[in-house]
Amino acid sequence: PVEVSTRNCSCPHECERTPRQFLPKSSGQIDPGAFELRSTVEAGGGARLAAAGAVASGASAVLQAAPRRHCRVAAMGLCASKMSDEDRAANERSRQIDAMNARDHDTEQKKIKLLLLGAGESGKTTVLKQMQIIYGKGFAEEELRLQWAPRINENVVAAMKALCDAVEDLELMDQVVNQTEFDSFQSNEAMNGVGLLSPELSLSEIGPVIKVLWNDPGIQAAWEQRSEFQIIESHVKYFEKIDAMSDPEYTPSEEDVLLCRSRTIGIVKTVLEIDKNEFNIFDVGGQRNERRKWIHCFDEVTAVIFVAALSEYDQTLFEDSSQNRMVEAIEIFREHSTSSWFKTSALILFLNKSDLFEHKLGKKPISSVEEWDDYQGPDYVVNPLTDGQAPDAELQLQQQEAFDQGKNYFLKKFLELPDDKQTERSSDVYTHVTCATNTDNVRKVCCLEIYI
């Protein structure tokens with residue numbers, strides 16, 4: 001006597017679904033041809049399939065055949081049926097899709113994925129432009145003239161508009177010498193409310209006025225108080241070359257393109273091939289309302305390059321005038337450097353705008369800013385010499401010491417974690433002091449870190 005198990009018939013034939021009985025796995029051999037599979041449907045006719053060959057050892061077999069008009073199953077307890085042409089075609093399509101998915105997965109795994117993060121106006125997009133210049137094809141002359149020249153012109157006019165508005169807001173009008181040019185610029189209907197050029201006005205027409213205003217004492221007084229309003233500090237270089245930029249035949253240089261501010265909206269993907277390796281670089285908007293989009297880029301990131309501007313220790317956010325930019329950058333970096341998304345990703349911190357940082361140290365000591373009143377390093381001593389004369393060796397050492405201690409002070413702020421998150425950062429942080437508008441500097445940094 002042997003215990004048997006039963007289950008309902010599930011074959012495709014229209015038989016009565018009475019339970020069938022099966023032997024449990026057995027080590028005995030079953031006589032070849034001992035069983036046959038029969039199917040007789042109600043409508044008559046008969047499909048008869050003879051079971052051939054021996055059932056392998058351990059297979060299940062029918063102990064008690066079901067009555068006629070029910071399926072009697074032989075080998076493996078399965079209902080045999082012939083595969084149709086459609087089924088074969090479907091299986092082949094499925095196999096091809098699986099193979100294609102496997103190839104795509106392997107290709108995707110070989111790609112190097114870099115994510116550029118940072119607060120707004122920190123220089124992320126400038127770093128990306130440098131990578132395009134160093135490893136890509138750079139910028140074609142037609143692209144420079146037709147795409148970048150109008151953007152750069154708008155940057156120049158927007159910067160001067162911000163300065164003129166600041167003169168009025170900061171009550172510096174009594175220091176304005178060139179009142180006629182000031183009034184002409186402010187009342188020019190060819191500019192819209194945010195200081196952008198309209199198609200009817202070119203920089204060749206308004207450039208001479210901008211040159212006069214830039215050298216005006218009232219505008220210079222506003223520039224010295226630029227931490228109190230929103231302006232791109234690096235645009236001072238545009239004002240210094242306004243004569244060349246006012247030429248109708250002006251074609252921007254790569255340096256001009258690097259200085260150009262173009263706000264990143266959403267996510268911008270750039271693909272570069274470096275030594276036969278595909279790099280996918282994602283630049284995302286840094287303003288608060290753009291950061292919620294970052295989460296979609298976090299999957300399987302090879303490395304995160306976080307860009308923070310050293311020179312912004314005394315400035316506030318464009319979207320929130322009560323929040324210090326450096327404080328905001330430190331909070332964002334701490335949050336993402338301890339995120340579970342980056343447990344297997346390299347973390348690279350660029351302390352950017354080092355040139356503007358050094359220049360600002362001589363005019364705005366770090367400790368004079370409320371958020372950084374705990375800074376105890378030396379103040380930066382301004383070169384007392386004029387006409388471009390180099391300071392003496394002792395003064396140069398003092399300036400370098402002030403720069404290094406200021407830089408290290410902020411670096412420590414970025415790397416230190418709250419007590420409740422001391423063990424959450426799972427990887428090292430690679431740090432670099434950068435000037436993103438300096439191609440040689442960025443080339444050196446990228447050569448060190450690009451092959452991660």
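A few remarks follow.
- Which listed pairs, of Lys211/Lys413; Lys137/Lys360; Lys237/Lys444, have C-alpha distances above 29 Å, in listed order: Lys211/Lys413; Lys137/Lys360
- Remark: the Lys241-Gln147 segment gains 31.9 nm on full extension, using 0.36 nm per residue and subtracting the alpha carbon distance.
- A crude spin-label estimate for the pair Asn408 and Ser253, with each label 7 Å from Cα along the Cβ direction, gives 3.5 nm.
- For Lys111, the lysines whose Cα comes closer than 17 Å to its Cα, not counting residues fewer than 8 places off in the same chain, are Lys269, Lys276.
- Pairwise FRET efficiency - Asp392 versus Ser367, Cβ, R0 = 35 Å, nearest 0.05: 0.85
- The label-point distance for Asn215 and Asp169, in a model that sets each label 7 Å from Cα toward Cβ, rounds to 2.8 nm.
- Per-residue SASA entry for Glu240, accessible area with 1.4 Å probe, Å² rounded to 10: 130 Å²
- Each label was represented as a point 7 Å from its Cα along the Cα-to-Cβ direction; for Gln376 and Lys276 these points are 5.6 nm apart.
The values are calculated or read from the model by the stated rules, or taken from the named source; none is laboratory data. Quantities reported herein were computed from a predicted structural model and do not represent experimental measurements. Note that we place each Cβ from the backbone using ideal geometry, even for glycine, and neighbour counts take in every protein chain shown. Note: accessible area is taken over every heavy atom of the protein model, side chains too, but ligands, DNA and RNA are not part of it. Shrake-Rupley method; radii C 1.70, N 1.55, O 1.52, S 1.80 Å.
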